[in-house]
Amino acid sequence: MHRLRTTVARLRPLTAAQTAPGPSQPRLLPAEGGLRTFQPARRLNTSVAAEPFLNGTSSNYVEEMYYAWLENPRNVHKSWDIFFRNANAGAPPGAAYQSPPPLSGSSQGLASVQARVVRGHHVAQLDPLGIMAADLQPSPSDIITAHNKLGFYGLAESDLDKVFRLPTTTFIGGNESALPLREIIRRLEMAYCQHIGVEFMFINDVEQCQWIRQKFETPGIMQFGLSALLPPPLVHRFEEFLQRKWSSEKRFGLEGCESLIPALKTIIDMSSQSGVESVIMGMPHRGRLNVLANVIRKELDQIFCQFDSKLEAADEGSGDVKYHLGMYHKRMNRVSDRYITMSLMANPSHLEAVDPVVQGKTKAEQFYCGDTEGKRVMSILLHGDAAFAGQGIVYETFHLSDLPSYTTHGTIHVVVNNQIGFTTDPRMARSSPYPTDVARVVNAPIFHVNADDPEAVIYVCKVAAEWRNTFHKDVVVDLVCYRRNGHNEMDEPMFTQPLMYKQIKKQKGVLKKFADKVIAEGVITMQEYEEEVAQYDKICEEAYNRSKDEKILHIKHWLDSPWPGFFTLEGQPKTMSCPPTGISEEELSHIGNIAASVPVEDFTIHGGLSRILKGRANMVNQRVCDWALGEYMAFGSLLKDGIHVRLSGQDVERGTFSHRHHVLHDQNVDKRICVPMNHISPNQAPYTVCNSSLSEYGVLGFELGFAMASPNALVLWEAQFGDFNNTAQCIIDQFISSGQAKWVRQNGIVLLLPHGMEGMGPEHSSARPERFLQMCNDDPDVFPKLSEDFAVRQLYDCNWIVILQPFRKPLIVFTPKSLLRHPEAKSSFDDMLPATHFRRIIPDDGPAAASPEKVKRVIFCSGKIYYELTRERKNRGMDDTVAVVRVEQLSPFPFDLVKAETDRYLNADLVWCQEEHKNQGYYHYVKPRIRTTINHTRPVWYAGRDPAAAPATGNKQTHLTELQRLLDTALDLEAFSGKL
């Protein structure tokens with residue numbers, strides 16, 4: 001009981017000498033939002049603490065003892081008085097502590113309570129079943145409490161009736177400044193040792209700690225009296241209705257934690273009263289259907305329709321199980337009388353994967369409505385106890401919570417603490433005392449509450465909402481509950497937790513217990529209760545009958561991030577044309593000159609950067625772009641047209657390869673920066689470029705969520721090296737590749753993945769293109785029907801890519817590394833002028849193309865290998881006999897343009913050349929598609945590295961030997977002679 005320790009530790013018997021202010025007493029001065037303490041000029045240097053004296057003592061505790069000592073040295077034990085006097089006198093580290101004089105008498109013994117008093121949340125009655133210590137600590141009977149172990153602290157029973165002065169940092173006295181010790185302990189136990197356990201003493205902010213103390217210590221503040229505000233028994237009846245109608249269906253019901261619904265309603269109601277207009281939520285499967293029905297108010301017939309076994313997989317919205325789907329809904333909040341928009345994000349069985357996605361979408365909504373403090377848009381994340389403790393993405397998401405470009409200004413986390421993970425007991429599921437301990441890394445207060453006490457739950461949720469509204473920081477509500485059924489309704493929990501489930505079978509449901517209570521208190525009558533039940537049952541039955549007439553789910557019912565006005569009513573694009581993406585020469589020159597300048601006066605840049613900017617200016621004069629300048633042109637033209645661009649990832653501001661430099665740093669003034677891209681046009685959209693934390697999973701999820709909020713933005717995530725996407729694979733597999741098929745969700749997220757075999761070892765070479773190509777949904781054995789809008793139709797039908805279109809698909813770009821500075825890897829301004837488009841294939845434009853009948857070999861390739869092939873071809877004098885064709889768009893596969901090339905070179909053999917190993921890269925994707933294109937009339941040969949387990953060798957010489965061997969194979973016109 002942190003608070004009990006801190007309060008009782010400082011108590012001294014009240015004497016006349018102590019009624020006068022001490023010589024160092026701090027003065028209270030007015031300050032915005034309340035009072036602030038004016039401290040003496042000298043502050044305590046706690047580094048001088050003696051190890052034996054302060055071992056295990058929090059810095060916050062030491063600080064509070066110091067404040068009490070400043071108020072009056074007699075407020076603390078003699079040992080603290082000696083310590084603080086020596087520390088203030090400048091004693092060296094380890095020398096401030098001196099052994100105190102021997103203890104004698106009950107008053108001195110009382111002061112020794114400061115050394116050891118148990119934390120209240122360890123003995124709070126948190127487990128509804130009463131059979132477990134919810135935090136894995138010894139049972140309450142084994143823990144020393146301040147009351148029943150008086151002798152341990154040198155106290156006698158008679159000391160309990162002595163009156164003690166209360167320190168100024170406690171609220172237990174109310175208007176009283178002194179109380180008997182017996183009453184002090186009783187009040188502290190009432191505040192911290194009942195159905196609510198509070199963890200906050202690790203927070204290193206006195207104002208925040210005092211705010212929490214006031215909410216829990218003030219006498220009478222937790223006399224809830226909220227019975228009449230609780231909802232009718234719809235939560236339990238909803239689950240019972242589903243069980244009656246679909247007894248053999250999995251639904252992951254909420255039984256055992258029914259108080260989650262009033263908990264969420266309280267958070268939303270309180271937040272709405274504080275001005276919140278939009279709430280974005282993420283949650284796992286348990287209780288999702290109940291939350292959809294009774295918190296977000298989704299139509300019951302649409303929920304029941306999901307149970308229809310006759311739904312076909314091709315139906316829109318039926319690509320995932322019912323307890324993974326989300327929705328978006330705007331409704332009137334009857335408590336605040338304000339409209340509130342709620343979005344529950346769809347997510348897969350990777351339970352916590354949705355956490356950063358929710359945060360990204362919340363950040364985007366805040367950004368687009370100008371909510372810089374999080375007062376209008378907020379997020380709520382629900383968790384299971386085992387996943388909250390076990391999934392690393394939880395930690396990654398917490399660490400984004402206070403970063404400038406990622407903060408959502410406070411998230412309310414609600415943990416549905418089943419005290420079990422599937423079949424795994426807590427002692428085997430985590431090493432920390434609580435499942436919520438991960439939240440301590442960001443100093444989030446943690447409120448544990450017995451979920452069978454709905455009034456305590458509502459009070460805690462009210463405090464959590466007020467905390468978020470006051471401090472705009474994360475907070476955790478831990479609903480300690482149980483799971484009445486097994487992992488799902490078909491699971492048998494007695495196999496693995498027999499004793500727990502014997503107790504659960506005896507347990508009366510929380511809402512039944514509460515109904516009995518409010519009926520006994522006369523809040524409602526039995527008749528009124530039964531009428532509420534019958535009315536809700538009737539609503540469910542009517543919705544069930546309607547659901548049988550709706551065999552097809554409508555797309556509008558299952559969108560968690562709708563884009564109003566972007567689609568037609570039928571969900572089809574407004575046009576299948578592909579508008580040109582080029583811009584005028586004047587615009588190219590203007591953007592290029594901005595990229596080559598420092599548009600801020602008196603700004604000193606690094607000398608090496610001056611040379612880079614000068615090189616950009618030369619390219620503008622020569623009308624060419626390298627990759628970095630081309631990126632400037634793309635971003636700058638979009639910004640000028642009012643389209644927001646956000647680029648995020650590790651070291652993206654400078655660029656891993658020191659090529660981008662979108663943020664300039666003044667060499668003489670700390671933290672003074674310049675972002676030239678924000679100086680392109682007076683009315684441009686803002687450009688956001690932000691270095692991320694060293695996270696891939698969390699940050700990619702965040703950017704995916706950001707891209708969901710609006711289709712009229714370009715949101716990009718760049719991996720430091722392409723293969724770093726492997727630690728974000730869950731987001732790629734579960735959300736990006738399959739999001740539209742599962743959840744009817746389009747998204748324009750762009751992944752920039754540096755890729756290239758350059759002898760840098762297996763972790764800095766391959767972005768694993770084979771993984772992305774394997775997840776593409778086009779059929780390699782079907783040559784599609786060609787039409788005027790073929791290229792755009794392909795994009796519309798595929799599962800990922802993005803271009804200037806009235807629909808959005810994710811785009812995977814394998815970006816260069818060595819080509820960033822390759823002298824030949826440049827494009828002319830002519831390729832970017834009006835009427836130009838992205839080129840899906842770049843044909844050979846040399847001597848081979850002039851005389852196609854003489855060409856003996858056509859080499860198809862993609863990426864860096866092109867420059868090595870053309871160099872080697874020139875060295876061998878084979879420019880007129882070998883054509884090299886670049887495939888720039890790998891998927892959807894450009895069947896029409898590949899056919900044009902194969903038809904042009906009818907006498908040539910066909911080779912796919914890649915620098916990646918044969919079992920990796922693009923070969924197994926492109927080969928069957930090329931063969932389909934030519935109707936299997938010619939073989940497609942392979943030139944590249946042999947199969948291997950690792951993406952690349954770590955030996956430079958081996959790398960060069962492998963490269964030369966594949967070039968020899970590609971350009972040896974006899975290499976495949978006689979082979980079938």
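Each reported figure results from applying straightforward, stated rules to the coordinates on display, with no laboratory input. Because the structure is predicted, anything quoted here is derived from the model rather than measured. Glycine also receives a Cβ, built like all others from the backbone with ideal geometry; neighbour counts cover every protein chain displayed.
Annotations for the structure displayed:
- The residues neighbouring Gln684, those whose beta-carbon lies less than 15 Å from its own, together hold a net charge of 0 under the Lys/Arg +1, Asp/Glu -1 convention.
- Gyration tensor verdict on the range 227-558 (Cα atoms; rounded if a/c is under 1.5, prolate if a/b is larger than b/c, oblate otherwise): rounded
- Residues Glu888 and Val669, FRET efficiency given R0 of 45 Å [Cβ-Cβ distance, rounded to 0.05]: 0.55
- Label-to-label distance, Phe495 versus Thr525, with points set 7 angstrom from Cα along the beta-carbon direction: 5.0 nm.
- Gain on full stretching of the segment that runs from Asp537 to Asn621 - 0.36 nm per residue minus C-alpha separation: 22.7 nm
- Dipole magnitude (debye, nearest 20) for the range 227-558, charges at Cβ of Lys, Arg, Asp, Glu: 180
- Filter on Lys854/Lys874; Lys854/Lys918; Lys513/Lys538 - keep pairs with C-alpha separation over 21 Å: Lys854/Lys918; Lys513/Lys538
- Pairs exceeding 19 Å between alpha-carbon atoms, taken from Lys817/Lys956; Lys640/Lys809; Lys330/Lys361; Lys215/Lys462; Lys462/Lys506: Lys640/Lys809; Lys462/Lys506.
- FRET efficiency for the Ser584 to Arg965 pair, using the beta carbon distance and R₀ = 41 Å, is estimated at 0.30.
- Sorting 333-341, 274-282, 400-408, 353-361 by average packing, meaning the other beta carbons within 10 Å per residue, from highest down gives 353-361, 274-282, 400-408, 333-341.
- At R0 = 41 Å, FRET efficiency that the Cβ-Cβ distance of Thr937 and Phe838 yields, to 0.05: 0.85
- Between Phe471 and Ile643, the distance separating the two model label sites (each 7 Å from Cα on the Cα→Cβ line) works out to 4.2 nm.
- The range 841-971 shape via C-alpha gyration tensor axes, a/c threshold 1.5: oblate
- The gain in end-to-end length when the Cys690 to Val600 segment is fully stretched comes to 30.4 nm, 0.36 nm per residue minus the alpha carbon separation.
- Around His195: net Lys/Arg minus Asp/Glu count, Cβ-Cβ under 11 Å: -4
- Centroid-to-centroid separation of the range 652-707 and the range 863-890 [C-alpha atoms, Å]: 36
- Spin-label model, Arg74 to Leu973: label points 7 Å out along the Cα-to-beta-carbon direction sit 10.8 nm apart.
- Net +/- balance of residues flanking Lys918 in space, Cβ distance below 12 Å, scoring K and R +1, D and E -1: -3
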